[in-house]
Amino acid sequence: MAACAAAPGLEGFEVAEISVGDSELTVAIADTSAQRRQGLRGVERLPDGIDGMLFVWDSPTSATFAMTDTLLPLDIWWFDEEGRLVGSTVMETCLKGPCVGYGSPGPIMWAMETPTGEYGFIPGALLSTVENP
């Protein structure tokens with residue numbers, strides 16, 4: 001996955017261009033355990049030009065997300081090992097625990113968080129990288 005430097009407010013995260021179906025997005029990449037744990041916690045708003053965060057695993061996994069200390073309401077999109085959208089969930093902010101856990105609908109390779117209501121991807125949409133010329 002091609003990536004470029006981190007966006008302001010998301011230091012330590014690389015940024016990549018991806019597509020979901022016909023939509024192109026710029027996302028911060030969380031591909032280490034520490035980055036996946038951090039996610040968008042404490043982020044008041046996404047930096048200009050960043051559409052969301054893509055969580056990446058090396059092999060299919062069942063994942064659970066919690067919105068602990070997450071200030072933005074988010075949609076989470078679940079993608080299987082073929083990159084197909086297999087489900088989504090609306091997640092509510094949680095500033096004081098215990099917080100609800102939002103589990104994947106099965107084994108996934110990617111999960112993407114975007115601000116609630118910004119996208120309407122359809123099940124089966126394919127996640128892929130965007131090749132820059």
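Note down the net charge around ILE108, summing +1 for each Lys or Arg and -1 for each Asp or Glu among other residues with Cβ under 9 Å from its Cβ.
So the environment of ILE108 carries a net charge of -2.
Over all pairs of distinct alpha carbons, what does the Kirkwood formula give as the hydrodynamic radius of the chain, in Å?
It works out to 14.7 Å.
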Completion exercise
Computed, not fitted: 222 nm per-residue ellipticity of the chain from DSSP H runs ≥ 4 (each -39500 (n - 2.57)), nearest 500, equal to -1000 deg cm²/dmol
Exercise for the section: Could you order peptides 26-34, 91-99 by the average number of other Cβ atoms within 10 Å of their residues, highest first? Expected result: 26-34, 91-99
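Only the coordinates and a few stated rules stand behind these numbers; no lab work does. Fair warning: this is a prediction, and the values are worked out from it, not measured in the lab. So basically every Cβ, Gly included, is an ideal-geometry build from the backbone, and we count neighbours across all protein chains shown.
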